[in-house]
Amino acid sequence: MTGRRLSSLLASVTAAAAGASLLTGCGVLPGATGGSREPVTVMTWAPDQTRATNMPGMPAMAQTYARWVNSQGGIDGHELRVLTCNEQNTPAGAAACARRAVRENAVAVVGSYSQNGRAFMAPLEAAGIPYIGGYGLTEDEFTSHLSYPVNGGLAALVAGHGMQLAESCDQVSLVRPDTLAGDRLPRLLDAGLKKASKRGAVDIPAVEDATEYTAQATRARDKAGTEDGCVAAVLGERTQTFFDSFRRLPRGAGGAQETSDDDRGSVRISSVLGSVGQPVIDRTGGARSPFEGAYVTGWYPEAEDRSWEPMRKVIKEHAFADNRVDPTDTGVQTTWIAYTVLKEVVESLDRDTITASRITEALDRGAQVDTGGLTPKLRWMYEDLLGAPDFPRIVNHEVTFQVVRKGRLVAQKPGFVDVGPTVTNRG
């Protein structure tokens with residue numbers, strides 16, 4: 001082949017490739033998906049390998065979501081880049097994660113878990129970075145103008161739990177963390193109980209990271225009584241430890257035998273999702289678990305609900321057997337919903353460059369998110385805010401009542417229960 005003919009052939013191939021690039025939108029046409037749109041960088045943090053509650057599934061779910069959405073061409077043509085950070089269950093760890101998010105130009109923190117709201121919220125507010133779909137533990141998540149919660153937090157769970165227990169329990173003992181956040185829980189539980197004119201719960205503070213709770217378990221059982229009494233524990237990851245101590249209580253003051261099934265049946269146990277969930281039930285024996293028959297209040301539909309099918313499909317295809325990504329885990333579920341919010345907001349912007357301020361502006365101006373039945377439709381305009389004194393940023397104040405039957409968390413009653421009035425008018 002002559003040089004002239006070879007040059008002509010190469011020119012033809014180059015022209016064809018250029019034409020293909022134009023047709024497939026590889027960064028040439030304005031507004032086309034692909035390389036013309038800048039990546040979107042976000043962060044997800046959670047504690048891992050600490051003595052208190054750990055949530056490794058949340059960053060793992062965020063990475064799984066990124067693999068899935070990037071395999072589909074990204075979010076509206078933007079590659080999703082997820083930074084993860086171990087919050088370490090300490091104020092210093094939370095602040096360090098927030099500062100890293102600022103340093104690495106994250107446009108949002110999404111689907112994260114922390115009990116240290118003051119430590120992480122201040123750096124985010126200073127940089128104008130929105131906090132989308134946090135787990136809902138701290139006051140700051142429901143007061144900061146840059147926080148966009150997807151659930152009603154622990155406040156909604158505990159107030160709703162009081163409503164759930166009021167239907168079956170004459171007296172309730174509440175075992176909760178001896179922390180500032182834990183100090184709020186008795187009033188919220190009592191607000192739910194008093195909806196049905198029931199007495200307030202007996203408040204039993206406990207060290208959050210203890211290795212056994214015999215003294216608290218004894219007091220909780222004694223105060224609940226033996227007829228139609230309930231013991232509720234909200235201790236995060238240590239809830240399992242508490243109920244193990246509860247199960248091992250002697251039958252009487254002088255007895256040395258473990259509590260029998262019949263004895264336990266006279267005092268009902270209960271908790272909220274995040275302290276008790278399907279993974280904990282599975283680990284402790286399934287249908288033989290000490291949680292069999294327990295009442296549990298959650299934010300979302302039970303794990304077997306069809307609304308979770310899209311998430312389950314993504315986990316199956318993109319988690320690559322990462323056992324941290326459990327579709328029945330509440331942290332994983334919250335992260336999925338938080339990234340659903342991020343995706344819909346970025347798509348609504350339809351911009352080549354996504355910034356923190358643009359995301360915040362879209363949320364404040366009424367971007368509405370449909371989560372496929374996992375929550376009510378979410379929107380964070382002023383008229384959507386619950387306006388509860390301590391939790392003004394709540395927009396989703398619905399919960400679900402569940403119960404453990406044959407080792408599975410199932411709906412005690414269908415649908416959602418609105419706890420907004422209970423949270424707002426708590427005593």
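What the table below lists for this structure:
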read-out	value
Degrees separating the helix 57-71 axis from the principal Cα axis of the chain, which is the longest one	30
Quotient of C-alpha Rg and 2.2 N^0.38 Å, computed over segment 269-371	1.35
Karplus-derived HN-Hα couplings along segment 131-145 (A = 6.51, B = -1.76, C = 1.60, θ = phi - 60°), whole Hz, x at Gly and Pro	10, 9, x, x, 5, x, 8, 10, 4, 4, 5, 10, 10, 5, 5
For segment 129-225, with +1 on Lys and Arg beta carbons and -1 on Asp and Glu, the positive-most of His161, Thr218, Gln171 along the dipole	Gln171
Protein accessible area in segment 161-222, 1.4 Å probe - carbon and sulfur %	49
Nearest-20 debye value, segment 375-416 charge dipole, Cβ charges on Lys, Arg, Asp, Glu	440
Per residue solvent-accessible surface (Å²) - the chain, probe of 1.4 Å	43
DSSP beta bridges in the chain [antiparallel fraction, %, rounded to 5]	30
Answer label, with semi-axes √(5λ) of the Cα gyration tensor in Å calculated from the coordinates and candidates [x] 47, 22, 19; [y] 34, 26, 19; [z] 40, 24, 18	[x]
Estimated distance in nm for a label pair at Thr214 and Arg81, the labels positioned 7 Å out from Cα along Cα-to-Cβ	5.4
Helix-derived mean residue ellipticity, 222 nm - over the chain, DSSP H n ≥ 4, -39500 (n - 2.57), to 500	-11500 deg cm²/dmol
Nearest-ten-degree value, helix 309-318 long axis tilted from longest Cα axis of the chain	60
Protein-only accessible surface order, largest first, of Phe242, Phe416 at 1.4 Å	Phe416, Phe242
Net dipole in debye of the chain [+1 Lys, Arg Cβ; -1 Asp, Glu Cβ; about Cα centre; nearest 20]	560
Cα-based equivalent ellipsoid of segment 365-405: semi-axis lengths in Å, sorted from largest, via gyration tensor	23, 16, 5
Relative compactness, segment 83-216, computed as alpha-carbon Rg over 2.2 N^0.38 Å	1.22
Fraction of accessible area attributable to carbon and sulfur, segment 260-331 (%, probe 1.4 Å)	46
Per principal axis, descending, Cα span of segment 330-427 in whole Å	51, 35, 18
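The values are calculated or read from the model by the stated rules, or taken from the named source; none is laboratory data. Computed from a predicted model, the values in this text were never measured in an experiment. Counting neighbours? That spans all protein chains shown, and the Cβs are built from the backbone with ideal geometry, glycine included. Just the protein is used for accessible areas: all its heavy atoms, side chains included, with ligands, DNA and RNA removed. Shrake-Rupley method; radii C 1.70, N 1.55, O 1.52, S 1.80 Å.
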